[in-house]
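Working notes, structure below.
The values are calculated or read from the model by the stated rules, or taken from the named source; none is laboratory data. Just so it is clear, the model here is predicted, and its values are computed rather than measured. Glycine gets a Cβ as well: all are built from the backbone with ideal geometry, and neighbour counts include every protein chain shown.
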Amino acid sequence: MRRAMVLIAALAACRAQRAAEQPRHYGLGRAATEQDIAARDVDVGPDGAGLPPGSGTAAQGEVLFTQKCASCHGPHGEGVAPTNLRLVGRDPRAENFRFASDPSLPRSIGNYWPYATTIFDYVRRAMPVNAPGSLSNDEVYALTAYLLAANEVIPTTTTLDATSLKAVKMPYVGRFVPDDRRGGREVK
């Protein structure tokens with residue numbers, strides 16, 4: 001028993017010594033510069049706050065979609081089973097917005113997306129999946145224009161930029177309830 005106590009005391013002393021010897025900083029990383037922060041501060045809100053300069057058309061977006069998106073989302077945005085969701089396709093059965101009672105309704109951009117500006121935001125930050133954040137602002141505007149035109153939300157001749165994108169009203173924006181939670185206990 002005494003040997004066990006001596007062994008435990010020796011291990012505790014060894015741990016304490018190792019903890020005291022470990023450096024407080026491991027020499028990894030560096031403080032973020034203002035340029036580093038600005039490069040990552042690219043979110044766009046539902047009201048369009050944060051939209052960058054640039055522009056694009058649906059025709060330009062269709063070419064980009066074929067090159068960078070169709071392999072996952074299908075040639076026309078119809079989705080590729082089983083994991084890549086449908087992006088294009090307004091379903092007339094969705095007019096009553098019965099998504100809770102009819103799971104067969106496609107949750108495509110034209111049926112189930114509240115703000116056009118957040119399409120831009122998502123594409124800009126997360127797509128294409130193999131190189132997220134690699135698209136230029138003009139390419140993102142063009143892809144957004146293509147997706148909105150393909151879903152019959154805007155005319156195919158529309159040129160999107162920060163001003164015109166903010167003005168786009170999605171078909172079912174009024175069916176979504178704004179999330180006004182502020183955090184803390186009331187959210188839990």
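Can you work out which of the residues in the stretch 36-71 that are loosely packed, with under 12 Cβ neighbours inside 10 Å and small (Gly, Ala, Ser) is nearest to THR144 (Cα to Cα)? Per the stated criteria, the residue is ALA49.
When ASP102, ASP180 are screened for being within 16 Å of PRO46 (Cβ to Cβ) and free of Cβ contacts under 8 Å to residues at least 12 places away in the same chain, only ASP180 passes. Quick check: anything in the stretch 151-164 surrounded by 15 or more Cβ atoms within 10 Å (Cβ to Cβ) and under 19 Å from ASP41 (Cβ atoms)? Within the stretch 151-164 (the criterion being surrounded by 15 or more Cβ atoms within 10 Å (Cβ to Cβ) and under 19 Å from ASP41 (Cβ atoms)), the answer is yes, since at least one residue qualifies.
Conditions (1) loosely packed, with under 11 Cβ neighbours inside 10 Å; (2) closer than 29 Å to SER136 by Cβ; (3) at pLDDT 75 or above; (4) in contact with a strand residue (DSSP E or B) (Cβ under 7 Å, 6 or more places away or on another chain), marked per residue:
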residue	(1), (2), (3), (4)
TYR26	yes, no, no, no
ARG30	yes, yes, yes, no
HIS73	no, yes, yes, yes
ARG86	no, yes, yes, no
PHE97	no, no, yes, no
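Of all residues in the stretch 55-90, those being among the β-branched types (Val, Ile, Thr) and part of a helix (DSSP H, G or I) number 2. One residue stands out in the stretch 99-122 among those that are of a type in the set (Val, Ile, Thr), surrounded by 20 or more Cβ atoms within 10 Å (Cβ to Cβ) and not in a loop (DSSP other than H, G, I, E, B): the one that is nearest to the chain's Cα centre (by Cα), namely ILE119. Taken over the stretch 134-167, the residue count meeting the criterion of being touching a residue at least 60 places away in the same chain (Cβ under 8 Å) and part of a loop (DSSP other than H, G, I, E, B) is 9. Restricting the stretch 123-133 to residues that are outside any helix (DSSP H, G or I) and small (Gly, Ala, Ser), the residue that is surrounded by the most Cβ atoms within 10 Å (Cβ to Cβ) is GLY133.
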